[in-house]
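If you scroll down you'll find the structure; I have some questions about it.
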Amino acid sequence: MLKLFMSHRYLQLFAVFLISTLMASCASTGPRALNPRGPADPSLVKHGVVAMSLDMINEFNPKWGPWKLGGYFSGSIVESEKYEKDTFEGGMTYFPGPGVGMGDGIKKGRTDMPAIAILPAGTYRLTGIVGSSMPGIIGAGIHFPISSETFKVEAGKGVYIGHISIRAKEKTSSDYWSLDQLVGQHPNLGHTTIVGQAPAKFSKTTPVLNFSNRYEESIMELKLDYPYLVDVKFDNLPLKIYAEGSEKKSD
């Protein structure tokens, strides 16, 4: 009887999983970001490439340095063949994954990285910085909001939106954001909210941002990392980015 009950229970769980998977696939039929590291090179017939570069130094808790860094975008998409207008919200697609995440991260011995997103043609703005730290087997998430001016993504083309340096310092009562302010709101960002956030102490740090332009070196590195980008032309368009409560500088 117990074995029969367990078998029935497993069938119920499998059915729930199958229904959830089908619903998720049905919900993702609209315009979406493409995986830069998928089994096949992404098509740029209807998509363009957004590139940025980032670095981070954690002055408050140095052993919890950066493992991955990227951006979070929102915007409007125009796809004339199928959709008149749609909206998009999501992070750089090399980054998502459960637990500690998957895909590209910071190379050994460095604290900086270039990153890309393959987005449907449209108009976007940068709405957040995402990332993670993996000093050992435990990971912790980084996610805080920012605002930027809008920029256009054109099919078959690339745009570089600038370099963001993040200095994590101790958060005081006058500081507005913490480094993990939005961790937990977007489950696909590859963070670990239960185990890693407490020892990382990211809630006790605030980001100080410095903006600059590393167009030449970042695009050169990206084209080596992603050979299918070798013939893609990238416009150099560093954004004006705003982070309330953080220092804002521009080189």
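Which of the residue pairs K68/K169; K68/K240; K107/K240; K152/K204; K46/K152 have a Cα-Cα distance greater than 25 Å in the structure shown?
Correct reply: K107/K240; K152/K204.
Here is a follow-up. What percentage of the solvent-accessible surface of region 108-161, computed with a 1.4 Å probe over protein heavy atoms, is contributed by carbon and sulfur atoms?
52 percent
Something else now. At R0 = 41 Å, how high is the FRET efficiency between K240 and I137 if r is their beta carbon distance? Nearest 0.05 is fine.
Calculated value: 0.55.
Further, regarding this structure: How long is the gain from K46 to E216 if the chain were fully straight, where each residue apart is worth 0.36 nm and the alpha carbon distance is subtracted?
So the chain would gain 58.6 nm between K46 and E216.
5 Å is the cut-off here: which amide hydrogens, built 1.01 Å from N in the peptide plane, fall below it relative to W67, excluding neighbours closer than 5 in sequence?
So W67 has HN proximity to S132, S133, M134.
List every residue whose amide H lies under 5 Å from the amide H of M56, counting only residues 5 or more places away in sequence or on a different chain, with H placed 1.01 Å from N in the peptide plane.
Placed amide hydrogens put I166 under 5 Å from M56.
Tell me, what ³J(HN,Hα) does each residue in region 134-151 have, in order and in whole Hz, if you take phi through Karplus 6.51 cos²θ - 1.76 cosθ + 1.60 with θ = phi - 60° and put x for Gly and Pro?
My calculation for region 134-151 gives 9, x, x, 7, 9, x, 9, x, 10, 6, 9, x, 9, 10, 9, 5, 7, 8 Hz in order.
With a probe of 1.4 Å, find how much accessible area region 118-159 has per residue, and write the answer as a whole number in Å².
For region 118-159, the per-residue accessible area is 32 Å².
Scan around K157 for amide H atoms under 5 Å from its own, H built in the peptide plane at 1.01 Å from N, and keep only partners 5 or more places away or cross-chain.
Here V49 satisfy the definition.
Between S147 and K204, take the C-beta separation as r, use R0 = 22 Å, and let me know the FRET efficiency to the nearest 0.05.
About 0.40, to the nearest 0.05.
Can I ask one more? If I model a spin label as a point 7 Å beyond the Cα along the Cα-Cβ vector, how far apart are those points for R110 and K233 in nm?
About 2.7 nm separates the two model spin labels.
The values are calculated or read from the model by the stated rules, or taken from the named source; none is laboratory data. What you see is a predicted model; the values in this text were computed from it and never measured. Cβ: placed from backbone, ideal geometry, glycine included. Neighbour counts: every protein chain shown. Quick note on the areas: whole protein, heavy atoms, side chains included, nothing else; ligands and nucleic acids left out. Shrake-Rupley method; radii C 1.70, N 1.55, O 1.52, S 1.80 Å.
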